[in-house]
Amino acid sequence: MPIVSYFGALVINPLINNYYFSLTLAHGIFASFLLTLYFTEFSLLFYKRGFASTSTSIKYGCLFILLHFISHIFAGSSNFFLLYSPNLTCFYNYTLAVALNACIVMHFMSYGGIKAFFKSSTLLHKVFIFVCLYFAIFSNLFSSVVLATYVGTELLLDLTKDIKNKQFKLFSYVSDNLINLIIIVIWFIANILEATGGRADDMHKAFFPNVLFALGIEIASIIISNVFVLIFEVVVFVLWQKKCERQPQTQKRFLLYLGFGMIYLTLLGTFVNFSYLIRPDVSIGMFFYIYLALIACLSQLIKQNKKYAKILYILCGTLVLLLIKPGTLYNHYNYSNISYEQCKAVTYDIIDQIKEAESEGKTEVDVIVPKFEIDDTNWPLSTFVNDRFSEVFYKHKVIDSPILVRNIIVSEEKNEELNIPTKPKDFPFDF
């Protein structure tokens, strides 16, 4: 995230002379690249595994994209979507992190598994994937579970197969699954580091009494979304069970992916904060596996009889929901749900205050920011930020010399001046 910001400030800004839009453009380009890779990997998976032809794989890829944008539509305004995140930090740490983890999983699946990938790939390809694995594992616990459940399922199925065939030998098992074991061990190390890190003290102390409550929230976050998407899922899965040839191994895999993922997210949400479990940038990890299984089942049904393509008409019911309280279709991509123009005005107002102090030869300045009634720290313009403002503006060459920001002063007058509401409307995740 800081590297992309530097690219925007030091490469794009000198060309267009618009600092705010330069950062927006830089992060937009990077995010678009990673999300395009995420959606492309889905279509490539279907094509490489022979689930569908090239053109049909692309069509299923478009359906995969569509489901991300209609999954949480309940009205014509203020909806979330699965690529939503409340701020840029969370967008990198959750949404893009899930996309990266899912990309790696689908990449391995397209080769037939992790072991098959490392047998057939080139050295350069392996190195690239190892770099991606590093960023995926150490991205975020809520996101890296997507990769961990996949690797854990592979390990468990290999173990149960060896035990069932009475062929289990520890040395052989470790040797055959070395890469998988390395990945899962490093992932557990990441968990330990997080559990002992700076934010570990924020964890809830009462654990077991809250597990069932957290599990209920986790299930509800997946089931209670768009009613027409839910009906679509039920119809496809039920028809697949009745009409298609049973594939117990495939069923078991996806049930384990979802089961392990939901158990882990439930426990993590219980420790950290229940509100995480209803966030789309957290639940996207489980929706990824659901939609992967859903479209795979649909493709089998359509292969068997093209009339099953008519099931897709169920999704048209979403259009009815758009008539309820029509307005801005999706929530804004920021923590306070204010417009891009308002965010821009706040940013340039802060820059102007620091630049004015700099032009007057001051070495210290108090920065006045609007009031946000989200928490005691005035997040996202927190009272503890102080020198981070001036430090980043200096490094981005917005100001000419470093200047000390002594205090962040919260003022409702700034809200009036910049037309910023003190209580953001439709504040997301106010749990």
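The values are calculated or read from the model by the stated rules, or taken from the named source; none is laboratory data. Given the structure is predicted, the values throughout are model-derived calculations rather than measurements. Note that we place each Cβ from the backbone using ideal geometry, even for glycine, and neighbour counts take in every protein chain shown.
Give the residues of region 41-66 that are outside any helix (DSSP H, G or I) and surrounded by 19 or more Cβ atoms within 10 Å (Cβ to Cβ), sorted by residue number.
Looking only at region 41-66, we keep the residues that are outside any helix (DSSP H, G or I), and these are 49-53.
Residue satisfying the conditions is 52 alone.
Specify the residue that is farthest from residue 103 (Cα to Cα); the eligible residues are those in region 126-145 that are touching a Gly at 6+ places or on another chain (Cβ under 8 Å) and of a type outside the set (A, V, I, L, M).
Taking region 126-145 as the starting set, the residues that turn out to be touching a Gly at 6+ places or on another chain (Cβ under 8 Å) are 142-143, 145.
From the residues that got through so far, the ones that are of a type outside the set (A, V, I, L, M) too are 142-143.
Values: 142: 16, 143: 12 Å.
Among those residues, the one meeting the criterion is 142.
Any idea which of 208, 228 is at pLDDT below 85 and of a type in the set (Phe, Trp, Tyr)? Working first, answer last.
Details: 228 fails: at pLDDT below 85.
When all the criteria are applied, what remains is 208.
On the given criteria, is residue 105 touching a Gly at 6+ places or on another chain (Cβ under 6 Å), part of a helix (DSSP H, G or I), at negative phi and surrounded by 13 or more Cβ atoms within 10 Å (Cβ to Cβ)? Full working, then the answer.
On the way: touching a Gly at 6+ places or on another chain (Cβ under 6 Å): no; part of a helix (DSSP H, G or I): yes; at negative phi: yes; surrounded by 13 or more Cβ atoms within 10 Å (Cβ to Cβ): yes.
No, not satisfied.
Sort through 38, 19, 94, 6 and tell me the only one that's in contact (Cβ under 8 Å) with a residue 12 or more places away in the chain and surrounded by fewer than 17 Cβ atoms within 10 Å (Cβ to Cβ).
That would be 6, the only listed residue that is in contact (Cβ under 8 Å) with a residue 12 or more places away in the chain and surrounded by fewer than 17 Cβ atoms within 10 Å (Cβ to Cβ).
Using the structure shown, decide if residue 34 is under 23 Å from residue 254 (Cβ atoms), in the same structural domain as residue 288 (by TED's automatic domain parsing) and assigned to a helix (DSSP H, G or I).
Numbers: under 23 Å from residue 254 (Cβ atoms): no; in the same structural domain as residue 288 (by TED's automatic domain parsing): yes; assigned to a helix (DSSP H, G or I): yes.
For residue 34, the condition - under 23 Å from residue 254 (Cβ atoms), in the same structural domain as residue 288 (by TED's automatic domain parsing) and assigned to a helix (DSSP H, G or I) - is not met.
Which one of 312, 256, 239, 230 is in a helix (DSSP H, G or I), within 24 Å of residue 81 (Cβ to Cβ) and touching a residue at least 60 places away in the same chain (Cβ under 8 Å)? Spell out the reasoning first.
Values: 256 fails: within 24 Å of residue 81 (Cβ to Cβ); 239 fails: within 24 Å of residue 81 (Cβ to Cβ); 230 fails: touching a residue at least 60 places away in the same chain (Cβ under 8 Å).
So the residue among 312, 256, 239, 230 that is in a helix (DSSP H, G or I), within 24 Å of residue 81 (Cβ to Cβ) and touching a residue at least 60 places away in the same chain (Cβ under 8 Å) is 312.
It is to be established whether one or more residues within region 403-410 are of a type outside the set (A, V, I, L, M), outside the structural domain of residue 8 (by TED's automatic domain parsing) and either assigned to a loop (DSSP other than H, G, I, E, B) or within 23 Å of residue 13 (Cα to Cα) (or both).
no
State whether the residues of region 342-353 include one that is assigned to a helix (DSSP H, G or I), among the basic types (Lys, Arg) and crowded, with 17+ Cβ neighbours inside 10 Å.
So far as region 342-353 goes, no, none of its residues is assigned to a helix (DSSP H, G or I), among the basic types (Lys, Arg) and crowded, with 17+ Cβ neighbours inside 10 Å.
What are the pairs, 6+ residues apart or on separate chains, where a residue within region 163-184 that is outside any helix (DSSP H, G or I) has its Cβ under 7 Å from a residue that is among the aliphatic types (A, V, I, L, M) and surrounded by 13 or more Cβ atoms within 10 Å (Cβ to Cβ)?
177/155
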